[in-house]
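First the structure, in the form of structure tokens, and then the observations on it.
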Amino acid sequence: NSLMSNSSKHTFTFLHGCFTRALHLSKFILQTLLGRSVTSVVPLLQGGTIHMVCRNKDKAEEARAEMVKESGNKEIYVHILDLTETKKVWEFAESFKKKYKTLNVLINNAGCMMTKREVNGEGLEKSFASNSLAVYILIKCLIPLLEKSPDPRVITVSSGGMLVQKLRTGNLQSQRGRYDGTMVYAQNKRQQVVMTEQFAKAHPNIHFSVMHPGWVDTPTIANAMPDFHSSMKERLRTPEQGADTVVWLAVSEAGVKNPSGHFFQDRQMVSAHLPLAWTRSSQLEDQKFMSVMEDLAKSFQPH
């Protein structure tokens, strides 16, 4: 979920497609992971420290071994965490902040799409807990670490599905109406866009961005949207293609030349709304959402 720096200088070299770049600074990366869409590319970053936050230990260790083998970089660490467990997200973030001195890049990539409404042990709907509240808590808790680090960046992997959703603060737990996992996921992804915009305003020293990786051939899409996956199979992107803009935003100089708080696709800053869309929320609605998130996050913070 994030990238972080060591005290000594190293060379970061990332080779993928048409992107070849050497960065003469050391980075420390912390990234929450689901599937392989970012792990398939980040291993090629030489000389940085990478922390992977994953739910499945076996798959995480397998991914780490592959990354070490491909890159020769052994500074890759695995942390096991289920992002649907809100108190444990807090505990992880607080522990991480105490243990490490700097954090250059935070990548929020993990997420879930439920087929039916389920709640975690704390009574929160799981999609919201993982896709929205966990992202909020990780960013909020790790901001002090980011702010004292060189060139700090936060990248959140959203989805183009959010283009059909307007921010809805009154039903965050999806308790009212019929539960549609795809639309709940899309709403969570809209919430991520609003969070990114608001955090960017509040913390100008950190570069925030949110992005759509394109429709990538992942187990999540295959399991949660089987008809879509079947019909689009030949046109879906590879994990490497989906991760390209994430890594570009994380390590390139060009990525941070764009204003903070914006939405990206294919290395381009694009609108977070369709033309003439009804999905725009007011400043008051955005502020109310952030206030609700703050209160909710605090209610689960360990004391």
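Miscellaneous remarks
- Sole exception among (1) modelled with pLDDT of 90 or more; (2) open to solvent by less than 40 Å² (accessible area, probe 1.4 Å); (3) assigned to a helix (DSSP H, G or I) for Asp244, by number: (1)
- Within segment 66-83, being open to solvent by less than 20 Å² (accessible area, probe 1.4 Å), under 21 Å from Arg55 (Cβ atoms) and not in a helix (DSSP H, G or I) holds for Ile76, Leu81, Leu83.
- Considering segment 282-303, the residues that are in a loop (DSSP other than H, G, I, E, B) and closer than 19 Å to Phe128 by Cα include one that is least open to solvent (accessible area, probe 1.4 Å), namely Phe300.
- Comparison of Val135, Val154, Val184 shows that the only residue that is in contact with a Phe, Trp or Tyr (Cβ under 6 Å, 6 or more places away or on another chain) and either closer than 21 Å to Ser281 by Cβ or outside any loop (DSSP other than H, G, I, E, B) (or both) is Val154.
- Among the numbered conditions (1) over 24 Å from Gly255 (Cβ atoms); (2) assigned to a helix (DSSP H, G or I), the only one that Thr115 does not meet is (2).
- Of the criteria (1) open to solvent by less than 10 Å² (accessible area, probe 1.4 Å); (2) outside any helix (DSSP H, G or I), which one Gln191 fails: (2)
- The set of residues in segment 167-188 that are open to solvent by less than 50 Å² (accessible area, probe 1.4 Å) and polar (S, T, N, Q) comprises Thr169, Asn171, Gln173, Ser174, Thr182, Gln187, Asn188.
- Remark: pairs (first residue in segment 169-182, in contact (Cβ under 8 Å) with a residue 24 or more places away in the chain; second residue open to solvent by less than 30 Å² (accessible area, probe 1.4 Å) and of a type in the set (D, E, K, R); Cβ separation under 6 Å; 6+ apart in sequence or on different chains) = Gln173/Glu125; Ser174/Glu125.
- The lone exception for Glu94 - which of (1) buried (at least 16 other Cβ atoms within 10 Å of the Cβ); (2) of a type in the set (D, E, K, R); (3) in contact (Cβ under 8 Å) with a residue 24 or more places away in the chain it fails: (1)
The values are calculated or read from the model by the stated rules, or taken from the named source; none is laboratory data. Remember, predicted model here, so these are calculated numbers, not experimental data. As a convention, Cβ positions derive from the backbone with ideal geometry for all residues, glycine included, and neighbour counts pool all protein chains shown. SASA here: full protein model, heavy atoms, side chains in, ligands and nucleic acids out. Shrake-Rupley method; radii C 1.70, N 1.55, O 1.52, S 1.80 Å.
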